[in-house]
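Colleague: Submitted below is the structure of interest, expressed as structure tokens.
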């Protein structure tokens, strides 16, 4: 049996037998990424919805900076958070460096521009299509952003899934601020990098398969929800008049 096939066979056994080390890493990784995604989405969806309808001086500059942040390398985010949380940094008194809290913060900062930019684009497109009608009904910017965001909720759910996928697959930032400490701050991506460098391919392959399976299940669930929504509601335009009664 070749090394690759043997490694795959062992990896499959680790997953099927729910290996404690594997499950510990997976659980820690999902918890960190879920919390980071919740924090970034809580801020990013609101900010993106507001940017989608707001018009103010300097908006183009803000959007340029926001779109630039989409390409921000994860290691740069990790470095920035490291400097903030280091002993001599402004947030050093928190004592979060090399902890799960630091990893959550780094992932939230990394994902925030993605959530904000994508949600802003969705709401702005909806504003172009329906904004004039909403304004004629007396809706202000805040009301329009809320109504349009609700109308685009399934599309925004796609943004949330994208954000989680970005967070859970990130490696650079969490390794910098978390330290990849075994049993404490080691998550799926950092464990894959470490185990591969050590030559422990079965664990790395098992973690990689679980990581892909999690993202696949989330996207499959979203696709099923979208198809169910289309069957229930049909393809109809929103009744804005009923909204304002």
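Quick note: the coordinates plus some simple rules give every number you see, no bench work behind them. In this text the structure is predicted, and so the values were computed from the model without any measurement. Heads up, the Cβs are rebuilt from the backbone with ideal geometry, glycines too, and the neighbour counts pull from every protein chain shown.
Colleague: Would you mind getting me the FRET efficiency between residue 229 and residue 86? Use the beta-carbon distance for r and R0 = 51 Å, nearest 0.05.
Modeller: Once rounded, the FRET efficiency stands at 0.60.
Colleague: Continuing with this model, one more query. Residue 220 to residue 142: FRET efficiency via 1/(1 + (r/R0)^6), r the Cβ-Cβ distance, R0 30 Å, to the nearest 0.05? Numbers along the way, then the final one.
Modeller: Values: r = 35 Å, r/R0 = 1.17.
Taking R0 as 30 Å, the efficiency between residue 220 and residue 142 is 0.30.
Colleague: Which length gain, in nm to one decimal place, applies between residue 70 and residue 153 when the Cα-Cα distance is subtracted from 0.36 nm times their residue separation?
Modeller: Result for the pair: 27.7 nm of gain on full extension.
Colleague: Something else: Using only Cα atoms, find the angle between the long axis of helix 3-16 and the longest principal axis of the chain, and express it within 0 to 90 degrees, rounded to the nearest 10.
Modeller: Helix 3-16 sits roughly 70 degrees off the main axis of the chain.
Colleague: Another question, then. Evaluate the relative contact order of the chain (contact order divided by residue number), counting alpha-carbon pairs under 8 angstrom at least 6 apart; express in whole percent.
Modeller: That works out to 30 percent.
Colleague: Is the shape of segment 86-223 best called rounded, prolate or oblate, per the rule: a/c under 1.5 gives rounded, else a/b larger than b/c gives prolate, else oblate, with a ≥ b ≥ c the square roots of the Cα gyration tensor eigenvalues?
Modeller: oblate
Colleague: When the helices in the chain are scored as -39500 (n - 2.57) per DSSP H run of 4 or longer and the sum is shared across all residues, what 222 nm value do you end up with, to the nearest 500 deg cm²/dmol?
Modeller: It lands at -26000 deg cm²/dmol.
Colleague: Once R0 is set to 22 Å, what does the formula 1/(1 + (r/R0)^6) return for the Cβ-Cβ distance between residue 3 and residue 193, expressed as a FRET efficiency to the nearest 0.05?
Modeller: With R0 = 22 Å, the Cβ-Cβ based efficiency is 0.70.
Colleague: Turning to a different aspect of this structure: Which residue fluctuates the most in the chain, going by a Gaussian network model with Cα springs under 10 Å, if the choices are 168, 109, 62?
Modeller: Fluctuation is largest for 62.
Colleague: If a/c stays under 1.5 just call it rounded; otherwise compare a/b with b/c (prolate if a/b is bigger, oblate if not). Do that for segment 25-76, with a ≥ b ≥ c from the square roots of the Cα gyration tensor eigenvalues.
Modeller: Oblate, since a/c reaches 1.5 and b/c is not below a/b.
Colleague: In addition: Whole angstrom only: what separates the Cα centroid of segment 30-51 from the Cα centroid of segment 165-213?
Modeller: 23 Å
Colleague: Mind sorting 223, 145, 24 by how few other Cβ atoms lie within 10 Å of their own Cβ, fewest first?
Modeller: If I rank by nearby Cβ atoms, fewest first, I get 223, 24, 145.
Colleague: With the Cα gyration tensor of the chain giving a ≥ b ≥ c as the square roots of its eigenvalues, does the rule (a/c under 1.5 for rounded; else a/b larger than b/c for prolate; else oblate) give rounded, prolate or oblate?
Modeller: oblate
Colleague: Highest mean first, what order results for 152-158, 190-196, 55-61, 116-122 on Cβ atoms within 10 Å?
Modeller: Ranking, from highest mean packing down: 116-122, 190-196, 152-158, 55-61.
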